[in-house]
Amino acid sequence: MGQAAVNALRILLEDHDHIVQEISGQNDFGEDLYVTFTDDRHLTSDTIKVQVKGGSSWRRGDGYAVPVDQHGGTWADGNIPVYCVVHDPDTRQLHWANATQQLRRSGPLTPPRFIGVSPNAVLNDSTVPFFVAQARRYVGRYRGRQAVLTHLSEMSGVEFDSTDHVLHFVNGFDEDLIFWKRPRDALATLLMSAHGWEPYLVSLESLLRSEMTPPEGGDGDGSDPGSQWGGPDL
C-alpha cells in the first residue's frame, strides 16, 4: 500500500510536468520523495520533501494522521519543508498537509505527535495548481529578506507582509523588540518578547522623550529614580 501511494503521487505530479525523485525505501529518514516544481515547463529552484502514507490505518474520525515519531526535528528545522500525503485506498484519493508548518506553529515546547491531514485537502488533477502555488509560496518564505520576516513571524506569532516595514532589535537585557509598520498606517506597532509579544501602538512622538511632558517632580533626564524615565518600562 505504501508503494502504491508513492506511485499514485508520483504519476499525478509527473503528469503536471513536475520533477519527482524517489528516495530509496532502505533509507527511512521520514521522507519518500523529493519534488522540484516547474513553471510553464521551466525548472524552478523550489523543492519540497514528501512523506507518503497509504492505507486505511492512517484514517481518523476527522481526517487522517501521520505520526511524527523521531522526525520532528528534521521536519521542523530542515532547510527544505516537508509535506505529508496520505492515499486512501477506499476512495483512491490523495490528501496533503504541510508538516513543517504545523510543527513550527506548535513550537518545540508542545510538539504534536501526529500531523493532521484534512479530508478536504484533496490532491488531484484539478487541485494540483493550488497545491503547487501554496508549496512554492511556502518555500519562498525561507529566502533572502523573506527568510528574516519568516523567522520574526514565527518568533512573535505575527504574520508580516513583504511590503511591511519591520525592524528587529535586541536590547541590553537580551530581550527582542520588533517595530512593525504597514505602508499606509499612521501608527506603528511595537512587539516585545518581555511583554509576551503583546502589541503596542506607537508613534515617533511616543518614543521620543523630548516630545513628552516630564512627570511632575522630574526633569526628564532620568535623575529622579522615582520618575517614569528611570523605570523599567518603555
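The values are calculated or read from the model by the stated rules, or taken from the named source; none is laboratory data. From a predicted model like this one, the values you see are computed outputs, not experimental measurements. Reconstructed Cβ throughout: ideal geometry from the backbone, glycine too, with neighbour counts over all protein chains shown. SASA here: full protein model, heavy atoms, side chains in, ligands and nucleic acids out. Shrake-Rupley method; radii C 1.70, N 1.55, O 1.52, S 1.80 Å.
Across the stretch 112-122, computed HN-Hα scalar couplings (Karplus, 6.51 cos²θ - 1.76 cosθ + 1.60, θ = phi - 60°) run x, 7, 9, 8, x, 10, 6, x, 7, 8, 8 Hz from first to last residue, x flagging Gly and Pro.
Each of Ile23, Leu152, Ala8 was placed along the dipole of the chain (beta-carbon charges, centred on the mean Cα), and the one lying farthest toward the positive end is Ala8. Within the full protein context, the accessible area of Met1 is estimated at about 150 Å² for a probe radius of 1.4 Å.
How large, in percent, is the carbon and sulfur part of the accessible surface of the chain at a probe radius of 1.4 Å? C and S fraction of accessible area: 51 percent. Going by the alpha-carbon gyration tensor, a ≥ b ≥ c the square roots of its eigenvalues, is the stretch 1-90 rounded (a/c under 1.5) or, if a/c is not under 1.5, prolate (a/b greater than b/c) versus oblate? Oblate is the answer for the stretch 1-90, as a/c is 1.5 or above yet b/c matches or exceeds a/b.
What is the percent of Cα-Cα separations in the stretch 117-159 that go past 13 Å? Across the stretch 117-159, Cα pairs with separations above 13 Å total 64 percent.
Shown here for the stretch 124-195: GluC sites (Glu not before Pro) in loop regions (DSSP other than H, G, I, E, B) with at most 13 other Cβ atoms within 10 Å, namely Glu159, Glu175. Estimated from the Cβ-Cβ distance and a Förster radius of 35 angstrom, the FRET efficiency linking Ser56 and Arg143 is about 0.35.
Provide the FRET efficiency to the nearest 0.05 for the Lys181-Gln93 pair, computing r from the beta carbons and using R0 = 45 Å. Here the calculated transfer efficiency is 0.50.
Restricting the stretch 12-114 to trypsin sites (Lys or Arg not before Pro) that sit in a DSSP loop and have at most 10 other Cβ atoms within 10 Å of their own Cβ leaves Arg41, Arg92, Arg113. Run lengths n ≥ 4 of DSSP H only: what is the helix-derived mean residue ellipticity at 222 nm for the chain, with -39500 (n - 2.57) per run over all residues, to the nearest 500? When only DSSP H runs of four or more count, the value is -7000 deg cm²/dmol. Using the 1.4 Å probe convention, the accessible area of the stretch 1-73 works out to 54 Å² per residue with neighbouring protein chains retained. Here the stretch 103-199 is treated with +1 on each Lys and Arg Cβ and -1 on each Asp and Glu Cβ, and its dipole about the Cα centre works out to around 400 debye. At most 12 other Cβ atoms within 10 Å and a DSSP loop assignment: could you name the chymotrypsin sites (Phe, Trp or Tyr not before Pro) in the stretch 143-174 that fit? Answer by residue number: Phe173. In order along the stretch 152-166, the phi-based Karplus estimate (6.51 cos²θ - 1.76 cosθ + 1.60, θ = phi - 60°) of 3J(HN,Hα) comes to 5, 5, 5, 6, 9, x, 10, 8, 9, 8, 5, 8, 6, 8, 10 Hz; Gly and Pro are listed as x.
By a 1.4 Å probe calculation restricted to protein chains, Leu204 has an accessible surface near 110 Å², given to the nearest 10.
For Ser57, the solvent-accessible surface computed with a 1.4 Å probe is close to 80 Å², ligands and nucleic acids excluded.
Rounded to whole Å, the principal axis extents of the Cα atoms in the stretch 1-54 read 32, 19, 13, largest first. Compute the FRET efficiency between Gln3 and Arg113 as 1/(1 + (r/R0)^6), taking r as their Cβ-Cβ distance and R0 = 41 Å, and round to the nearest 0.05. Computed FRET efficiency for Gln3 and Arg113 comes out at 0.95. Averaging the Cα positions of each part gives two centres, and for the stretch 28-60 and the stretch 113-165 these lie 15 Å apart. Solvent exposure of the stretch 109-200 amounts to 61 Å² per residue of accessible area, where only protein heavy atoms count and the probe is 1.4 Å. Distant-in-sequence amide contacts of Leu123, defined by a placed amide H-H separation under 5 Å and a gap of 5 or more residues or a different chain, comprise Leu94, His95, Trp96.
Per the Kirkwood formula applied to alpha carbons, the chain shows a radius of gyration over Rh ratio, Rg over Rh, of 1.14. Taking 1.306 mPa s as the viscosity and 10 °C as the temperature, the Stokes-Einstein diffusion coefficient of the stretch 49-162 based on its alpha-carbon Kirkwood radius rounds to 106 µm²/s.
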